[in-house]
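Following: one structure in structure tokens, then a few remarks.
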Amino acid sequence: MPPRIPRQQAEEPAVGPRPDNDAKLSAALAAVVSGARRRAVRDGDRQIDTAHLLHSLLEYDPDVRAVFDDGAENARLLGYLVQRSIGYGLRWQGSVEDSGAVPVVAGSAGFSPLAAGAMEDAAARAAHRGEDAALGVDLLAAILADPQARAVEVLARAGIDPYEVLARIEDRLTRPEWSGQ
């Protein structure tokens, strides 16, 4: 019987070392990235894509869960992501998530080019607000900003408008009472 988790080839960096920008992440977001890494390895994926990040954001970050309208949206989305992780995502295995909007980043520590770009954008969003570290909602907003992201496809297939979610995030981050914590 073949092993459940395929072995990585030596020339594939896959989901190994941490990216240099991990220092720009909040502790909560670092846990999200770690969870996404574990999910990618467990699923046998070569890279962490935006759907892995979305799944971990929903599991680990209550502020991200609060962005969705109600418990029904969260349940639908998590149900769809679980289906993806147990077989639906096989059509994505072996492919690189890349919108073509950003250049492919070599040595991105196992992130798809699109996910690596979203990580950088999340840090930039936090810096724009004057914060040192990116939060989960920063990463979710960065992911949803690219219509080619697998996470955007996941939301759409779960019946959730990704652009409406992005507008909710922007609204939430501009409120004076938002502390960023």
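The values are calculated or read from the model by the stated rules, or taken from the named source; none is laboratory data. Just so you know, these numbers come straight off a predicted model, no measurement behind them. In this analysis, Cβ positions are derived from the backbone assuming ideal geometry, glycine residues included, and neighbour counts consider all displayed protein chains.
Exactly one residue among Glu131, Glu97, Glu73 is more than 21 Å from Val154 (Cβ to Cβ) and modelled with pLDDT of 50 or more, and that residue is Glu131.
Would it be correct to say that Ala66 is modelled with pLDDT of 85 or more and surrounded by fewer than 16 Cβ atoms within 10 Å (Cβ to Cβ)? Yes. Scanning the stretch 35-62 for residues that are surrounded by fewer than 24 Cβ atoms within 10 Å (Cβ to Cβ), in a helix (DSSP H, G or I) and in contact (Cβ under 8 Å) with a residue 12 or more places away in the chain turns up Gly35, Arg37, Arg39, Val41, Arg42, Asp43, Leu58, Glu59, Tyr60.
Evaluate the stretch 10-26: report whether one residue or more is crowded, with 16+ Cβ neighbours inside 10 Å, closer than 24 Å to Leu166 by Cα, among the charged types (D, E, K, R) and modelled with pLDDT of 80 or more. Scanning the stretch 10-26 turns up no residue that is crowded, with 16+ Cβ neighbours inside 10 Å, closer than 24 Å to Leu166 by Cα, among the charged types (D, E, K, R) and modelled with pLDDT of 80 or more.
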